[in-house]
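Engineer: Pasting in a structure now, in structure tokens, and then I'll have a few things to ask.
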Amino acid sequence: MTDVFEEFWHTEAQYICGFTNALLEPITPAAATALTAGAKTPAIADTFYSNFNSPRDYWPWLIDFEAAKKWVAAMTNAAPIASGTVRV
């Protein structure tokens with residue numbers, strides 16, 4: 001039973017839990033960057049919504065600020081934003 005849980009945790013549950021916590025706890029700079037950009041960029045909003053079925057696809061950009069900046073830049077075809085700022 002423990003092996004089954006461990007496999008589930010490492011392949012799915014840690015991402016489900018992390019996604020939930022990222023939105024329930026005080027918002028992190030990474031999550032704020034993604035959500036703010038999604039408010040202005042339909043492609044980002046669509047991707048954010050589409051990932052609800054697969055929370056693993058939010059990693060690492062939902063919890064890592066540098067990854068979030070790079071992801072937003074890639075989604076908007078722009079250069080990565082400077083540390084500590086949010087560009088939409």
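What follows draws every value from the coordinates through simple rules; no lab data is involved. What you see is a predicted model, and the numbers here were worked out from it, not measured in a lab. All Cβ positions, even for glycine, are placed from backbone atoms using ideal geometry, and neighbour counts span all protein chains on display.
Engineer: Arranged by the count of other C-beta atoms within 10 angstrom, fewest first, what order do LEU62, LEU23 take?
Structural biologist: So the ranking, lowest neighbour count to highest, is LEU23, LEU62.
Engineer: What does the helix-only formula give at 222 nm for the chain: each DSSP H stretch with n ≥ 4 adding -39500 (n - 2.57), the total divided by the residues, and the result rounded to the nearest 500 deg cm²/dmol?
Structural biologist: Working: 5 runs with 51 residues, N = 88.
That calculation yields -17000 deg cm²/dmol at 222 nm.
Engineer: How would you rank MET75, MET1, going from fewest to most other Cβ atoms within 10 Å of each one's own Cβ?
Structural biologist: Placing the least packed residue first, the sequence is MET1, MET75.
Engineer: Here is a follow-up. Order by neighbour count: VAL4, VAL72, fewest other Cβ atoms within 10 Å first, most last. Kindly include the intermediate steps, with their values, before the conclusion.
Structural biologist: Working: VAL4 8, VAL72 24.
Listed from fewest to most nearby Cβ atoms, that is VAL4, VAL72.
Engineer: Relative contact order for segment 2-76 using alpha-carbon pairs under 8 Å, separation at least 6, rounded to a whole percent?
Structural biologist: 35 percent
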